[in-house]
1. Which of the aspartates and glutamates could be linked to K93 by a straight reach, that is with a Cα gap under 17 Å, when you skip same-chain ones fewer than 8 residues away?
2. Over the residues of the chain, compute the C-alpha Rg and express it relative to 2.2 N^0.38 Å.
3. So, counting K/R as plus one and D/E as minus one, what does the shell of residues with Cβ under 12 Å around W56 add up to?
4. From Cα coordinates alone, what are the radius of gyration and Dmax values for the range 74-154 in angstrom?
5. Return an integer: the convex hull volume of the alpha-carbon atoms of the range 122-236, in Å³ per residue.
6. Give me the percent relative contact order of the chain, please, defined on Cα pairs under 8 angstrom at least 6 residues apart.
7. Any idea what diffusion coefficient the range 40-91 gets from Stokes-Einstein, in µm²/s, Kirkwood Rh on alpha carbon pairs, 37 °C, 0.692 mPa s?
8. Between beta-carbons, use under 10 Å as the cut-off and find the net charge around E190, counting Lys and Arg +1, Asp and Glu -1.
Amino acid sequence: MDLEKYIEAEETFAVRVGKHLRWPLNRFLARQSLIGTQAFFTEDQVPGLDRLRAQWPVIQAEAQALMAERESVPPLGRISPDHRTLAPDGRWKSFFFTGYGYRAEANRARCPQTAALVDQVPNLVVAFFSIFEPGTHVHRHRGLTKAMLNVHLGLIVPEDREACRMEVEGETRSWTPGEFLIFDETFHHEVWNDASQPRVVLFLQVMRPMRWRGRWLGQFFLWLVKRTSFVQDVRKALAAT
């Protein structure tokens, strides 16, 4: 077996083991949480978001400028094969700044103020503009780990809020410009933009506040994830360093 095939086989084994262990690990991490185990959270439960709130119009302005040339922004499924089944028609687009310690320098140069602001968020794992073109539907699914929380900062939101919405564990919410929507992605969730206008949010993943055992185990799990194709495919597609 050559080296490339060996690495692929080892990674496939690691992914199989990881999927098998994911839910027992998440049950342990839930017990380590310092902010509860509910589906949704508030801004004050996640340290450092006040820095973004104070400057959100700056972030919105860079997102609006990017949307003027949004044909250059790739579908998430093109750069991350793991996401193709969630939104197969390519209407969910992504503009990455950073992820798992890698930096997309070309993107950061296009939106330098946003890049500088997200760098100030403590315990940041991932940051990108998430663009839902009209007609986007992200199928019902669950995310990877309770080590992280998903944070959405509303930037460009369709007027018809009921047509652009997210359902998490049976509860439906939508976005508001300048406001945060924070949730645990390990709950089943599904997202729609049935409006005629695009929706843009700043999408962050940050480490959940936890006791030291949960914090250590969560960091170790993400260290392992960083070394799989789940992250490396995106890094290569973006030439991130």
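1. K93 reaches E62, E69, E71, D82, E133, E190, D194, D233.
2. So the Cα radius of gyration is 0.99 times the expected 2.2 N^0.38 Å.
3. Values: positive: R51, R53; negative: E43, D50, E62, E179.
Its environment carries a net charge of -2.
4. My reading of the Cα-based Rg and Dmax gives 13.2, 34 Å.
5. Dividing the Cα hull volume of the range 122-236 by its residue count gives 112 Å³.
6. 26 percent.
7. On the way: Rh = 13.8 Å.
Result for D is 239 µm²/s.
8. After counting each charged neighbour, the total is +1.
The values are calculated or read from the model by the stated rules, or taken from the named source; none is laboratory data. Bear in mind that the values here come from a model prediction, so they are computed numbers and not experimental data. As a convention, Cβ positions derive from the backbone with ideal geometry for all residues, glycine included, and neighbour counts pool all protein chains shown. The accessibility values were calculated without ligands, DNA or RNA, using every heavy atom of the protein model including side chains. Shrake-Rupley method; radii C 1.70, N 1.55, O 1.52, S 1.80 Å.
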